Each structure stands twice: as C-alpha cells, then as structure tokens.
Amino acid sequence: MINILVSACLLGENCKWNGRNNAREHIIKLKEKYNLVPFCAEVLGGLPTPRIPSEIRGNKVFNQVELEVTKQFVRGAQRTLEIALNNHCKYAILKDHSPSCGVNKVYDGTFSRTLIEGQGITAKLLKKNRIQVFADDEID
C-alpha cells in the first residue's frame, strides 16, 4: 500500500492554530486506498495548540504579536521530512495557505488575510527532497 503524508488537520485532528481542524471528507476517504501518515509540522516544531497565528515575512516566520518563530517552523519541517522518509512517502497532501504547509499560496505576513504566491517552510523542504506535494484543494 502506498504511504501518503497528510496534514493532520485535514484528517480531523484539532491541531490548527485555533485548536480546530480543517477536516476534508474526500481526503479522509483516501484511507480506503492508501496508508495516510498524519503530521502537524507546527506541533512537531514545539508550538502549542492552540497558538498565536503565524505568517511568513521574507525568509522568517512571525506570529501575530511579532515574536519570531522561524526556528520552530524549521524544526517542524525537518521532523516532518524524517517522518516522510521513514515511512517511504513519495507524496504529501498539505493544507494550502499555511506558513508550514502552503503549497501554492501563503498569507503575506501582514495578518490582513492577503494571499500571495508562495510556499510554506515544510512544503519547500519536502519538495526539495523530491516528495511530490499537493494542496488540499488539488485533491478531488
């Protein structure tokens, strides 16, 4: 069976910044055909749930009260990559717009809900290591 790395929030785990999830039934149903390997890079990086929302600004990540949390995001990305490699995941389904998992777009760092083209810290690292990533809205 093929192993697919999946943002845990998409599978209904309450690990989102606000303590909720982004459950997507069509992604949860994939477990009928694939082995889904859940992860939350932000939690793996040491951030709590719930937590202050964060956005990427330049090459750094800041939360809404201007505390830099880049180290936690990088640590979470590295731990996520380890999980992917240990589970032989060649594919990942990530929550787009997230500063960790954004595949095509992320918020612009102003906390104004403005999306820009870009990738999250984890998405970039997975792609760099030849794991094919898909945004949640690219899966039907």
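Are there any pairs with C-beta distances below 6 angstrom linking a residue in the stretch 50-72 that is modelled with pLDDT of 95 or more to a residue that is assigned to a strand (DSSP E or B) and basic (K, R), with the two at least 6 apart or on different chains, and if so which?
Qualifying pairs under 6 Å: E68/K60; T70/K60.
Restricting attention to strands (runs of 3 or more DSSP E) lying wholly within the stretch 55-140, give those where 3 or more residues are open to solvent by less than 50 Å² (accessible area, probe 1.4 Å) and closer than 19 Å to K16 by Cα. Step through it out loud before you land on a result.
Details: elements: 60-63, 91-94, 105-107, 115-117, 132-135.
Once the strands (runs of 3 or more DSSP E) in the stretch 55-140 are filtered for at least 3 residues that are open to solvent by less than 50 Å² (accessible area, probe 1.4 Å) and closer than 19 Å to K16 by Cα, what remains is 60-63, 91-94.
Among the residues of the stretch 103-140, write down those that are closer than 18 Å to V61 by Cα and free of Cβ contacts under 8 Å to residues at least 24 places away in the same chain.
Once the filter is applied, which keeps residues that are closer than 18 Å to V61 by Cα and free of Cβ contacts under 8 Å to residues at least 24 places away in the same chain, the stretch 103-140 yields K105, S112, R113, T114, L115, I116, E117, Q119.
Any idea which residue in the stretch 23-48 is least open to solvent (accessible area, probe 1.4 Å), counting only those that are in a loop (DSSP other than H, G, I, E, B) and farther than 11 Å from I93 by Cβ?
Filtering the stretch 23-48 for residues that are in a loop (DSSP other than H, G, I, E, B) and farther than 11 Å from I93 by Cβ, the one least open to solvent (accessible area, probe 1.4 Å) comes out as G45.
How many residues does the stretch 41-70 hold that are among the polar types (S, T, N, Q) and more than 18 Å from S7 (Cα to Cα)?
Residues of the stretch 41-70 among the polar types (S, T, N, Q): 49, 54, 59, 63-64, 70.
Restricting the remaining residues to those that are more than 18 Å from S7 (Cα to Cα) gives 59, 63-64, 70.
Going through the stretch 41-70 one residue at a time, the tally reaches 4.
Can you name every residue in the stretch 121-133 that is closer than 15 Å to D96 by Cβ and out of contact with any Phe, Trp or Tyr (no Cβ under 8 Å at 6 or more places or on another chain)?
Result: A123, K124, L126, K127.
Out of the residues in the stretch 59-90 that are among the aliphatic types (A, V, I, L, M) and within 22 Å of R130 (Cβ to Cβ), which is nearest to the chain's Cα centre (by Cα)?
First, pick out the residues of the stretch 59-90 that are among the aliphatic types (A, V, I, L, M): 61, 65, 67, 69, 74, 77, 81, 83-85.
Within this subset, residues satisfying the condition of being within 22 Å of R130 (Cβ to Cβ) are 74, 77, 81, 83-85.
Details: V74: 12, A77: 9, L81: 11, I83: 13, A84: 13, L85: 16 Å.
If we take residues in the stretch 59-90 being among the aliphatic types (A, V, I, L, M) and within 22 Å of R130 (Cβ to Cβ), then A77 is nearest to the chain's Cα centre (by Cα).
Output the qualifying pairs, or none if there are none: Cβ atoms under 6 angstrom, residues six or more apart or on different chains, first residue in the stretch 27-46 and under 13 Å from S98 (Cβ atoms), second residue crowded, with 19+ Cβ neighbours inside 10 Å and among the β-branched types (V, I, T).
Within 6 Å, the pairs are F39/T80; A41/T80; A41/T122.
The values are calculated or read from the model by the stated rules, or taken from the named source; none is laboratory data. Owing to the predicted nature of the structure, the values given are computational and were not obtained by experimental measurement. For neighbour counting, all protein chains shown are included, and Cβ atoms are generated from backbone atoms with ideal geometry for every residue, glycine included. The accessibility values were calculated without ligands, DNA or RNA, using every heavy atom of the protein model including side chains. Shrake-Rupley method; radii C 1.70, N 1.55, O 1.52, S 1.80 Å.
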